[in-house]
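One structure below.
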Amino acid sequence: MGGFFGVASKEDCVFDLFFGIDYHSHLGTRRGGITVYGKNGFDRAIHNIENAPFRTKFEKEVKEMSGYYGIGCISDYEAQPLMIRSHHGTYALTTVGKINNSEELIQMLFDQGHVHFQEMSSGEVNATELVAALINTKANLIEGIRFVQEVVDGSMSLLLLNQAGIYAARDKLGRTPVEIGRKPEGFCVSFENFAYKNLGYHDHKELGPGEIVVITEKNCVTLSNPGSDMKICTFLWIYYGYPASSYEGLNVEEMRYRCGAKMAKRDKVKPDIVAGVPDSGTAHAVGYANESGIPFSRPFIKYTPTWPRSFMPTIQSRRNLIAKMKMLAVNELINGKSILLIDDSIVRGTQLRETTEYLYENGAKEVHIRPACPPLLYGCKYLNFSRSTSEMDLIARRVIERLENGNVTEEILQEYANPESEKYKAMEDEICKELKFTSLRFNRLDDMIEATGLEPCKLCTYCWDGKE
C-alpha cells in the first residue's frame with residue numbers, strides 16, 4: 001500500500017509536511033520520501049524505512065530543508081517522489097495505486113520513441129516513473145494526468161509538485177481517498193484526513209472520483225470535475241484505514257463498531273469474553289461486545305514501546321517469529337476462559353492459527369474466531385495490499401481447491417461466495433478445522449456493506465465476490 005501528503009503554504013511548509021507524512025506510517029514500511037520547492041528550487045530526500053521509522057530517518061533533512069510547497073510519501077514499493085524533467089518543466093511526482101498493464105504501457109511508450117526508464121524497483125520499472133512518462137506524452141500536465149487515469153488498468157492517485165503548486169488527482173473510480181485540508185496559512189492534501197487535524201487544518205473537501213485540483217497557498221481550484229461512478233475500497237474501513245480517519249463521510253472506528261454489532265446479532269455462541277486482535281480487530285470486538293452484552297477484554301497486548309510497527313525481516317520464518325514476539329499474553333484473562341476473538345480478516349491464516357495456539361498454550365478453554373469480513377476469494381487487482389503473487393496464498397482458495405479436487409471455475413467460486421450455500425458452509429468448516437479454531441463464522445458481505453451505510457454500487461468488493 002502507501003500514502004502521501006502535500007503542503008502549499010505562505011510560510012515554510014517543512015514542519016507540516018514532515019509530520020503529515022509521518023502520520024501515514026501505518027500504510028507502508030519500505031520507503032519514505034520528501035520533496036520541497038522554495039526560493040532555492042527543489043530539494044529531495046528518500047530513505048529506506050524497513051529497519052527504522054520514517055521520523056528517525058528524516059530528522060536531519062527536516063532541519064536543513066525549506067520551501068513553501070512540498071509533497072512526500074510512505075511507500076511499500078518504489079522509491080519516490082521522483083524528480084522529472086520534461087517539456088512540462090521540472091516536477092516531482094508521487095503515486096498511490098497499482099498498474100496491472102504496465103508491460104503494455106511500457107511497450108506503447110517504446111513504440112512512440114520513449115528511449116529508456118531510469119528507475120527500477122525489484123527489477124521492474126518504477127510505477128511512478130511510468131506514470132510520469134505517460135503524463136509527458138501529452139501537451140500539458142492536465143491532459144497528461146487525465147491520460148494516466150484513462151489508460152491505467154488498476155488504480156492511480158497522485159500528487160505532482162512544480163513551481164505553480166501541487167496538482168492532486170484521485171483515481172478515476174475513487175478506489176483510494178484524496179482529502180484537502182485548509183488553514184489560514186495555506187492548504188494541504190492527504191490520503192488520511194486525520195493526518196492534518198493536529199497541524200491546525202480543517203476539512204476543506206474530499207476529491208471525487210477522477211477529480212483533479214491544484215492547490216497553492218491561496219486556494220484550491222478544480223481543473224477536472226469528478227466522475228459519477230465510484231468504487232472505493234471497502235477494506236479501507238475493515239483493515240488499513242486508521243481509526244481516526246473518515247472516507248466519504250464515514251469514520252473508520254464507527255464503521256468497525258457497526259460491523260462488530262452486525263456479527264453479534266447473527267451469532268449464537270456465548271463465550272466468557274470478546275477480544276480483538278490488535279490493532280484493527282479491536283474496534284470490531286468493541287462493537288460486538290456492546291451489542292451482545294458479553295464483556296470486552298484484552299487477553300493479549302501488543303508491546304508498543306519498541307514495537308510500534310513490525311519492521312519484519314525478509315525471511316518468512318523470522319517474520320512469523322517477530323509477529324508472535326510482539327504479542328504478550330495476559331494469562332489471568334485467558335486461563336480457563338472461552339474466548340471469542342475478532343480479527344479484521346483471514347488471508348493466509350498462518351498468524352491467526354499461531355495466535356489461537358498461543359491462547360490455548362496460556363490456558364484458553366475455547367477460541368471462537370470471527371473475521372470482520374467475508375472469506376477472501378480473489379487477489380486484489382486494484383491496490384497493492386501485499387506482495388503475494390498467487391491467489392493460492394489465500395487460505396479460502398486453497399481450501400476450495402482441495403474441496404473441488406482442483407476443478408475450480410468462476411461459477412463454482414460464486415457458489416462459495418454465497419453465505420447461504422452448502423459449499424460456503426463446507427469451506428468455513430474446513431478452514432476452521434485446518435486452523436484449529438473451536439468455531440469459525442465469517443462476517444457476511446451484505447452485513448458488512450450495510451455497516452458502511454454507503455450504496456453498494458459505490459463500494460469495491462472484488463476480493464470477496466469477484467465483481468468489478
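Laid out as a table, the results:
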{"item": "Region 69-97, subset hydrophobic (A, V, I, L, M, F, W, C) and touching an Asp or Glu at 6+ places or on another chain (Cβ under 9 Å), residue farthest from THR128 (Cα to Cα)", "result": "ILE74"}
{"item": "In region 231-255, the residues that are in contact with a Cys (Cβ under 8 Å, 6 or more places away or on another chain) and not in a helix (DSSP H, G or I)", "result": "LYS231, ILE232, CYS233, THR234"}
{"item": "Lone qualifier among SER102, SER86 - being in contact (Cβ under 8 Å) with a residue 40 or more places away in the chain and surrounded by 13 or more Cβ atoms within 10 Å (Cβ to Cβ)", "result": "SER86"}
{"item": "Matching option when the condition is part of a loop (DSSP other than H, G, I, E, B) and at pLDDT 95 or above, among LEU223, LEU173", "result": "LEU173"}
{"item": "Meets criteria (in contact with a strand residue (DSSP E or B) (Cβ under 6 Å, 6 or more places away or on another chain), of a type in the set (Asp, Glu) and within 26 Å of PHE442 (Cα to Cα)) for ASP267", "result": "no"}
{"item": "Some residue of region 59-82 being in a loop (DSSP other than H, G, I, E, B), surrounded by fewer than 23 Cβ atoms within 10 Å (Cβ to Cβ), assigned by TED's automatic domain parsing to the domain that holds ARG170 and within 17 Å of the chain's Cα centre (by Cα)", "result": "yes"}
{"item": "Of residues in region 1-38 being in a loop (DSSP other than H, G, I, E, B) and at pLDDT below 95, the one nearest to the chain's Cα centre (by Cα)", "result": "MET1"}
{"item": "LYS218 vs. criteria touching a Lys or Arg at 6+ places or on another chain (Cβ under 9 Å), surrounded by fewer than 16 Cβ atoms within 10 Å (Cβ to Cβ) and charged (D, E, K, R)", "result": "yes"}
{"item": "Output for region 13-47, where each listed residue is among the hydroxyl-bearing types (Ser, Thr, Tyr) and within 17 Å of GLU185 (Cα to Cα)", "result": "TYR37"}
{"item": "HIS47 vs. criteria in a strand (DSSP E or B), farther than 22 Å from ILE212 by Cα and in contact with a helix residue (DSSP H, G or I) (Cβ under 9 Å, 6 or more places away or on another chain)", "result": "yes"}
{"item": "One residue from SER25, SER9 being assigned by TED's automatic domain parsing to the domain that holds VAL189, touching a helix residue (DSSP H, G or I) at 6+ places or on another chain (Cβ under 8 Å), surrounded by fewer than 24 Cβ atoms within 10 Å (Cβ to Cβ) and closer than 17 Å to ILE180 by Cα", "result": "SER9"}
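To keep it simple, each residue is scored yes or no on (1) buried (at least 16 other Cβ atoms within 10 Å of the Cβ); (2) touching a Phe, Trp or Tyr at 6+ places or on another chain (Cβ under 8 Å); (3) not charged (D, E, K, R).
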site: GLU361; (1), (2), (3): no, no, no
site: PRO371; (1), (2), (3): yes, yes, yes
site: PRO374; (1), (2), (3): yes, yes, yes
site: SER390; (1), (2), (3): no, no, yes
site: VAL399; (1), (2), (3): yes, no, yes
site: GLU411; (1), (2), (3): no, no, no
site: PRO419; (1), (2), (3): yes, yes, yes
site: LYS423; (1), (2), (3): yes, yes, no
site: ASN443; (1), (2), (3): yes, no, yes
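The values are calculated or read from the model by the stated rules, or taken from the named source; none is laboratory data. The structure displayed is predicted, hence computed values, not measured ones. No Cβ is skipped: glycine too gets one built from the backbone with ideal geometry, and neighbour counts run over all protein chains shown.
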